[in-house]
Amino acid sequence: MEAIALVDGNNFYASCEQSINPSLRGKPLVVLSNNDGCIIARSSEARALRIKMGVPYFKVKEKLKKEKVVVLSSNYSLYGDMSRRLMNLLTKYCEQIEIYSIDEAFISINRPHDNNLYPWAREIRTSIYQKLGINITVGIGSNKLRSKLANRLAKKINTSSGIFDLEKINNEDEYLRKIKIENIWGIGYQTSKWLQSKGIKNAKELKEMNQYEIKKKLGIVGERIQLELKGYKCLPIEKVKKSKKEIRVSRSFGKPITKLEDLKQALSIYTITAAEKMRLQNLQASTVTIFTRTSHYSNSSYQKSAHKILIESTNNTIYLLKIVLELSKDIYHPDYKLAKAGVIMQDLTPYNYSQKSITNYPLKGKSERERDLIKTIDFINKRFKSEKITWGITVKKGSWKMNRNLLSGISTTNISRIPTIII
DNA sequence: TCTGGGGTCCTAGGACCC
DNA sequence: TCTGGGGTCCTAGGACCC
């Protein structure tokens, strides 16, 4: 019998920070989103202090200070590197793996003769902890949704030691009743509000709800959730990584923007990053969209996007910059304080599969020279692990640039930032 | 005066995830 | 003063076709 396990890293970002800096172990610690905006990860010690997920930093700054909580800006190169190591280790313990997010993977595994997967799960947990210093949770079920629920139960039940098999219990309903409706995978804010208004409060009640009512209101998405809850398999394990459908780079500004010049600079920087990402994944785009908006929390709201469909797919930074700079005039508005902007590369295709333009733009010789130039820039930047070479427009100081004042400064991907140990 | 039916494709927007 | 970023999927409705 095949089973599905959902493995995830506990408090992943916080655990990464504690893992590379052991002096943080056992201390309350939170990690902030970009711009030092919200709390996006908490160590278990910080959870115990009832610090909530997602709250704006400025609202709890004083409380954190008082409680002596360590506060860090997010360090994505560290988390990405730890994630890669985690996934590599997991691969050794399974037949098939789907990497679902930076800290989660679905694993399909055959049950042994005695049906007991606990020894297998314990072995993985031990191995990951020894090698990475990170605790993981293993939830086991007959399909993806049930493995997610099992994972939740493993975290909820103190005696589980991080492992729970939903198919090895005989009072399932009792456990399903412990899972609140809004904590089921796929049930978000809107849907849980509706379900609650219908008197459905937990997973057990959702499982027994009238299926036609679900289908009518929630469509196929809701129907699948209920079927999986009952044990049917609707969501397959995706063995091969699907190629991306869009690549997006967007940021909130450290300070609002009112000048077109600043908007152009920001969008240029995002375009350079987006084009790099495409080249790294061997993709090219044939639609470019840019957008900007005011803050969600401001009284006068404005948002606008503009897009251009290209005759020929590309990942050429020089060409993309031209397009984005041209489009930026269409979304700019002098009367609003712009809080965020971004670029989206869409209709992505593999780089070699290209529809050539009959009008032959960009001109042949020129485009080849440009391609060589960009290749060289990518090479140099990769070699020296930073943007040694970039476009002039990015260099000028922009007061709008992101705040990241609390970086841990330690890294597993940058030799000069590896911690020094003095004995 | 009465004004079809069946289909496809595209897009914008909503909802969700981590 | 200060509220993240990057994705996917689904649906409804409009435009268009014969």
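If you check A:V60 against the conditions, is it closer than 30 Å to A:F253 by Cβ, in contact with a Leu (Cβ under 9 Å, 6 or more places away or on another chain) and within 16 Å of DNA strand C (Cβ to nearest atom)?
Working: closer than 30 Å to A:F253 by Cβ: yes; in contact with a Leu (Cβ under 9 Å, 6 or more places away or on another chain): no; within 16 Å of DNA strand C (Cβ to nearest atom): yes.
No: the conditions fail for A:V60.
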Exercise. Would you mention how many residues in the stretch A:206-224 are in contact with a helix residue (DSSP H, G or I) (Cβ under 8 Å, 6 or more places away or on another chain), more than 11 Å from DNA strand C (Cβ to nearest atom) and part of a helix (DSSP H, G or I)?
Key: 4
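Sort through A:Y332, A:Y319, A:Y336 and tell me the only one that's buried (at least 17 other Cβ atoms within 10 Å of the Cβ), closer than 19 Å to A:P256 by Cβ, more than 16 Å from DNA strand C (Cβ to nearest atom) and not basic (K, R). Spell out the reasoning first.
Details: A:Y319 fails: closer than 19 Å to A:P256 by Cβ; A:Y336 fails: more than 16 Å from DNA strand C (Cβ to nearest atom).
Step by step, each of A:Y332, A:Y319, A:Y336 is checked, and only A:Y332 is buried (at least 17 other Cβ atoms within 10 Å of the Cβ), closer than 19 Å to A:P256 by Cβ, more than 16 Å from DNA strand C (Cβ to nearest atom) and not basic (K, R).
For residues that are closer than 24 Å to A:G392 by Cβ and either within 16 Å of DNA strand B (Cβ to nearest atom) or not small (G, A, S) (or both), tally how many sit in the stretch A:259-305. Break it down stepwise before answering.
First pass over the stretch A:259-305, keeping only residues closer than 24 Å to A:G392 by Cβ: A:259-280, A:285, A:288, A:290, A:292.
Now narrow it down to the ones that are either within 16 Å of DNA strand B (Cβ to nearest atom) or not small (G, A, S) (or both): A:259-265, A:267, A:269-273, A:276-280, A:285, A:288, A:290, A:292.
Number of matching residues: 22.
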Practice problem: Give, as residue ranges, the strands (runs of 3 or more DSSP E) completely inside the stretch A:1-105 that count at least 1 residues that are within 19 Å of A:I128 (Cβ to Cβ) and at pLDDT below 95. | Solution: A:96-101
Quiz item: How many of the residues making up the stretch A:80-120 are crowded, with 20+ Cβ neighbours inside 10 Å and within 27 Å of A:A46 (Cα to Cα)?
Solution: 6
Quiz item: Any idea which residue in the stretch A:198-215 is nearest to DNA strand B (Cβ to nearest atom), counting only those that are over 20 Å from A:K233 (Cα atoms) and within 31 Å of the chain's Cα centre (by Cα)?
Solution: A:I200
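Could you check the stretch A:188-205 and list, in sequence order, the residues that are more than 16 Å from DNA strand C (Cβ to nearest atom) and part of a loop (DSSP other than H, G, I, E, B)?
So the first thing to find is which residues in the stretch A:188-205 are more than 16 Å from DNA strand C (Cβ to nearest atom), and the list is A:192-193, A:195-205.
Scanning the stretch A:188-205 gives A:K198, A:G199, A:I200, A:K201.
Looking at the stretch A:71-82, is at least one residue over 20 Å from the mean Cα position of the chain (by Cα), under 18 Å from A:Y13 (Cα atoms) and away from DNA strand B (no atom under 16 Å from the Cβ)? Before you say what the answer is, go through the steps one by one.
First pass over the stretch A:71-82, keeping only residues over 20 Å from the mean Cα position of the chain (by Cα): A:71.
With under 18 Å from A:Y13 (Cα atoms) added as a condition, the list becomes A:71.
With away from DNA strand B (no atom under 16 Å from the Cβ) added as a condition, the list becomes A:71.
There is at least one residue in the stretch A:71-82 that is over 20 Å from the mean Cα position of the chain (by Cα), under 18 Å from A:Y13 (Cα atoms) and away from DNA strand B (no atom under 16 Å from the Cβ).
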Quiz item: Which residue pairs have Cβ atoms under 9 Å apart, sit 6 or more places apart or on different chains, and have a first residue in the stretch A:180-197 that is modelled with pLDDT of 95 or more and a second that is away from DNA strand C (no atom under 16 Å from the Cβ) and acidic (D, E)?
Solution: A:I181/A:E205; A:L195/A:E205
Quiz item: List the pairs whose first member sits in the stretch A:87-116 and is closer than 22 Å to A:C16 by Cα and not assigned by TED's automatic domain parsing to the domain that holds A:N135, whose second member is within 16 Å of DNA strand B (Cβ to nearest atom) and of a type in the set (D, E), and whose Cβ atoms are under 7 Å apart, counting only residues at least 6 apart or on separate chains?
Solution: none
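Could you please give the count of residues in the stretch A:231-255 that are assigned to a loop (DSSP other than H, G, I, E, B) and within 16 Å of DNA strand B (Cβ to nearest atom)? Please lay out each step first, then the result.
Restricting attention to the stretch A:231-255, the residues satisfying the condition of being assigned to a loop (DSSP other than H, G, I, E, B) are A:231-245.
Among the residues that remain, those that are also within 16 Å of DNA strand B (Cβ to nearest atom) are: A:234-235, A:237-238, A:241-242, A:244-245.
So the count comes out to 8.
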Quiz prompt | Residue under evaluation A:K245, criteria (1) near DNA strand C (Cβ under 8 Å from one of its atoms); (2) under 30 Å from A:W194 (Cα atoms), criterion not met | solution = (2)
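Mind telling me which of the residues A:G141, A:G133, A:G162, A:G188 ends up being within 25 Å of the chain's Cα centre (by Cα) and in the same structural domain as A:K204 (by TED's automatic domain parsing)?
Answer to the check: A:G188.
The values are calculated or read from the model by the stated rules, or taken from the named source; none is laboratory data. All values reported here derive from a predicted model rather than from experimental measurement. We place every Cβ from the backbone using ideal geometry, glycine too, and count neighbours over all the protein chains shown.
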